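Each reported figure results from applying straightforward, stated rules to the coordinates on display, with no laboratory input. Predicted model only: the values in this text are computed from it and were never measured. Note: ideal-geometry Cβ built from the backbone for every residue, glycine included; neighbour counts use all protein chains shown.
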């Protein structure tokens, strides 16, 4: 369970960095990685910036958008914080995340990771489900890289 929790912290942290929050809220290790992951995943998924902007606002209407699903999946895998079986790399999570973020988002991350992992679906669909669950459960803390 701690692994799932940590993964979600890492994903939230990615989102915080992409939104240009103040430097003290973002660890330097992760701050330098996020732009590369975002750029790589945009290229690999062929998602549009318009799609990403809409999703950041909670507009998850197009569940069949394969580019968005690939982007979500890519962000998870590119970070190496979680593998295709939704197993968390605790070493990386500890390296990237500051303690102050984890306390606010732990319950939501834990719940959404568990729900996604238990789905009988492709990794892309699970990634979609995870991000949607997080937004639906805690839109205040939801930020997408």
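By the beta-carbon count within 10 Å of each Cβ, the least crowded to most crowded order of 125, 62, fewest first, is 62, 125. A simple packing score, the average count of other Cβ atoms within 10 Å per residue, orders the peptides 30-38, 42-50 as 30-38, 42-50, with the highest score first. Subtracting the Cα-Cα distance of residue 61 and residue 137 from 0.36 nm times their residue separation leaves 25.8 nm of extension gain.
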